[in-house]
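Student: Once you've had a glance at the structure underneath, I'll fire off some questions.
Nothing in this text is a laboratory measurement; each read-out follows from the coordinates by a stated rule. This structure is a prediction, so every number in the text was calculated from the model and none was measured. Ideal geometry is used to build each Cβ from the backbone, glycine not excepted, and the neighbour counts take in all protein chains shown.
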Amino acid sequence: MDMSFVTVLGNLGLSILFGIVGIIILAVGYVLFDKLIPLDFNKELEKNNSAVAIVIAGLLIGIAIIVSRVVAA
């Protein structure tokens, strides 16, 4: 096998691993946020409350930016 092919496969595996870890961290962040704030976000989203959707989107984007910076370091 060519060494560059092995390097590409190794980098692909690391990218998949970091992607999975990032998704898990996003999910844990959402669950913690949901537990800390005394509001049923799922019920509010079912009522088409766009303000809650924007807050959740901002939370997830913020966590994603932090995770991407950590992974890039």
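Student: Can you give the local net charge around Val28? Use residues other than it whose beta-carbon is closer than 14 angstrom to its beta-carbon, Lys and Arg +1, Asp and Glu -1.
Tutor: With Lys, Arg at +1 and Asp, Glu at -1, the net is 0.
Student: For helix 3-36, report the angle its Cα long axis makes with the longest principal axis of the Cα atoms of the chain; keep it between 0 and 90° and round to the nearest 10°.
Tutor: 10 degrees
Student: Could you tell me which residue out of Gly58, Ala27, Pro38 lies farthest along the dipole of the chain toward its positive end? Charges go on the beta carbon: Lys and Arg +1, Asp and Glu -1, centred on the Cα centre.
Tutor: Looking along the dipole axis, the top candidate is Pro38.
Student: Enter the angle in degrees (range 0 to 90, nearest 10) between the Cα long axis of helix 50-72 and the first principal axis of the Cα atoms of the chain, meaning the one along which they spread out most.
Tutor: Its long axis makes an angle of about 20 degrees.
Student: Largest first and in whole Å, give the semi-axes of segment 21-72's equivalent ellipsoid, each being the square root of 5 times a Cα gyration tensor eigenvalue.
Tutor: Calculated on Cα positions only, the semi-axes equal 23, 12, 8 Å.
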